[in-house]
Every structure is written in structure tokens, then in C-alpha cells.
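Structure first, then comments.
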Amino acid sequence: MTSASPNAADPRGLPEDLESAILELKHERNAVLLAHYYQESEVQDLADFVGDSLALAQAASRVDVDVIVFCGVHFMAETAKILNPDRTVVVPDLEAGCSLADGCPPNDLRAFVQQHPGAKLLSYINCSAEVKAMSDLICTSSNAVKMAREFDGEPLVFAPDRHLARWVGNQLGRDDLIVWPGACIVHEQFSAKRLAQLRVRHPEAEVLAHPECDQAVLDQADFIASTTGIIDRAVASPAKTLIIATEDGVFHQIEQRAPEKELIQAPGIDESCACNQCPFMRLNTLEKLFLCLRDLKPTVDVPEEIRVKALAPIERMLALSS
Ligand code: 13P
Ligand code: SF4
């Protein structure tokens, strides 16, 4: 039996050796598999490229294959499609959304921006194609401060993450950013009180946090950065114990690069749930990945009029980040 042979017991025709079948299909389809650090370890291990939001957008801008399989959330795949209108972009699960993108309806944001005549719009990449299309510039967590500097001295709306906006404002010494009040459900659930208690038990630990976290959590962080920044710091840090306030998918890369480190998840408000796993990111499974490569669906498509408008602020970000 070849690795791609269907398992007779499975009505969906899933093969027994999913990993090998996915790799075979990827080759047959002339596809590239891009994955975010918040994916399950087994998905990360099959990917051609694993990265943070900026690195994934940069990778998507350089592909020369027929098919992009995006293992991340919808806005990331949409960005890949905006950059690659003539390539097929598929995702394992179309329902993989994002609380930031979903909490910023384009018409509501348009009305919000119109309340501030003359203001420019800097949008975090965690937003819909329609929001990108009305933006002056896009940023990710790893380049947000640099992108905001483009608007020194100008009134600026920052959408849709209020925590990232506050952190950027603090870095720039700007208290005049006009902020859309969105938040990430994963990063907002970290408990500052329980983190303080944990730090007492591990005084030697270094605390690494993502800027989507609440200020009371960031106040306790030794290092604040995007997922790539957190992973690189965890590996390079002299500290043996690290408390990490971001989605725990990043642990996989750190464990591979620095297996000697002790990694501790920053505690959430609710002790009983695995809330530091993004419920949207984790919709992508190996089974759905196999099916989307086999059937080349669900595809991610963007109406051309919106795509063209959304491309300009993304390309501007990529040019400023190279
Ligand atoms: P980065 O990939 O920029 O670290 O952002 C994390 C995130 O929440 C993506 O949805
Ligand atoms: Fe969105 Fe938060 Fe999930 Fe990232 S971790 S995709 S910001 S909900």
C-alpha cells in the first residue's frame, strides 16, 4: 500500500499515513505550504515555511508555485491571495477567523475614521481585505512601531487592536492615536494577577509577551515582541526558565531550537480552559489539510476591486520592511 492509499474504514477517503500523503499531494499540486507559529506542531513540521505574520506575507510575495496552502487564519490567506491573484489559495478551514478581524466591520470602521477628518488609517494586518482596502498602510506586530513612524505629526487612526495601539503609542511617545477598540481573545485573557503570583514562584524566569496583551501583563514583561521576536529571544536569552504570554504554538519552535529551556505558559484568567490556544488557528487539522490539498478547496478569493485597493498598503508595508 502506498502512503496515499485510502483507508477503507474512512468514508472521507483519508489515507492512513496522512503526513506522507500530504507531502505527496503538495508535490503533485505544485503547492507551497505556509504556516503560522500558532499551528499544531504536526502542521508546522510539514510546512515549507513557518513564520510570523510579516514573514508569512513576505513569503507569500515571493512564491512561484501554482497553489498556496495557508495554514493560519483567514486574513493571512486573504493577504496571500491579494498578493497572488493568479494563484490558487486554499485553507484547511474557512471558519478560521480572528477576533480582531471579525470585530472590525468595514462600514463601522469607515464611519469611525470619518469622525476624524484628515486622519490617516494604519491597520494591523489582522483585518479583512475590505479594511485593508481603505487603509493608508498595513502593519504587523513586528513592524508596527516602524510603520506608525511614517505618520509622525499627523492624526492617525490605528485599527483594530487597542492593546497593540497603546503599546505603539507608548514606544513613540504619542498619546494622540485614535484607537479602534478591538482585542485578541487569546492575548486578552492572560491574568496579570496570576502572572505576578507565578513570577514570585519563579524569580529567575524571564517574561516574554506579545504586544496584543493587556498593559498590566506587558508591565511585567522583560521582553515584548512578535512571535518571531519571542521565539528568537527565548532561544538567545541567558535565562533557563521562560514565562511566555502568547499562543502556545510558539513552544514547538523554541523546544526544537533550545530543548534545555523550561517553558511556562503565562496563566489565563480562567484556570480551567486552554485559552492560550487560538480557537481559530487550531481549527486547522492534518485531516483538513489533506482534504484541502486533495480537493483544492475551500479557496480564498477576494473581489478584484477590493484586492487592487488592498494591495497598495500591503505593498507599501513590504517595501518599508525589506
Ligand atoms: P504575529 O504573527 O505578528 O506575531 O502576530 C500574532 C498573531 O496573533 C497573529 O494572529
Ligand atoms: Fe486573531 Fe488572536 Fe487568534 Fe491571532 S491569536 S488569530 S489575533 S484571535
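Would you call Asp64 of a type outside the set (A, V, I, L, M) and away from ligand 2 (no atom under 16 Å from the Cβ)?
When the stated conditions are applied, Asp64 passes them.
I need the full set of residues from the range 241-270 which are in contact (Cβ under 8 Å) with a residue 12 or more places away in the chain and either in a loop (DSSP other than H, G, I, E, B) or open to solvent by 50 Å² or more (accessible area, probe 1.4 Å) (or both), in order please.
The answer is Thr246, Glu247, Arg257, Ala258, Glu260, Lys261, Glu262, Gln265, Ala266, Pro267, Ile269, Asp270.
Okay, residues lined up against (1) within 21 Å of Ala312 (Cα to Cα); (2) open to solvent by 20 Å² or more (accessible area, probe 1.4 Å); (3) within 13 Å of ligand 2 (Cβ to nearest atom):
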site: Ala31; (1), (2), (3): no, no, no
site: Leu56; (1), (2), (3): yes, no, yes
site: Val69; (1), (2), (3): no, no, no
site: Ala96; (1), (2), (3): no, no, yes
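Let me confirm something: among Asp48, Asp86, Asp52, which residue is in contact with a helix residue (DSSP H, G or I) (Cβ under 9 Å, 6 or more places away or on another chain) and open to solvent by 30 Å² or more (accessible area, probe 1.4 Å)?
Residue meeting the stated conditions: Asp48.
Which residue, of Leu198, Leu177, is closer than 26 Å to Cys98 by Cβ and surrounded by 17 or more Cβ atoms within 10 Å (Cβ to Cβ)?
The unique qualifying residue is Leu177.
From Ala80, Ala96, which residue is touching a residue at least 40 places away in the same chain (Cβ under 8 Å) and assigned to a loop (DSSP other than H, G, I, E, B)?
So the residue among Ala80, Ala96 that is touching a residue at least 40 places away in the same chain (Cβ under 8 Å) and assigned to a loop (DSSP other than H, G, I, E, B) is Ala96.
Could you list all residues from the range 58-67 that are surrounded by fewer than 20 Cβ atoms within 10 Å (Cβ to Cβ) and closer than 18 Å to Thr227 by Cβ?
Gln58, Ala59
Out of the residues in the range 102-135 meeting the condition of being within 16 Å of ligand 2 (Cβ to nearest atom) and of a type in the set (D, E, K, R), tell me which one is surrounded by the most Cβ atoms within 10 Å (Cβ to Cβ).
Lys132
Using the structure shown, decide if Ile125 is more than 16 Å from the chain's Cα centre (by Cα), at negative phi and either aliphatic (A, V, I, L, M) or within 16 Å of ligand 1 (Cβ to nearest atom) (or both).
So Ile125 fails the test.
Where the second residue is assigned to a helix (DSSP H, G or I) and open to solvent by 50 Å² or more (accessible area, probe 1.4 Å) and the first is closer than 21 Å to Phe70 by Cα and lies in the range 296-322, which pairs have Cβ atoms under 6 Å and are six or more apart or on separate chains?
From residues that are closer than 21 Å to Phe70 by Cα, the pairs are Ile306/Glu130.
The values are calculated or read from the model by the stated rules, or taken from the named source; none is laboratory data. Note that the structure is a prediction, hence the values are computed from the model and not measured. Every residue, glycine among them, receives a Cβ derived from its backbone with ideal geometry; neighbour counts consider all protein chains shown. Remember, those area values only see protein heavy atoms, side chains included, never the ligands or the DNA or RNA. Shrake-Rupley method; radii C 1.70, N 1.55, O 1.52, S 1.80 Å.
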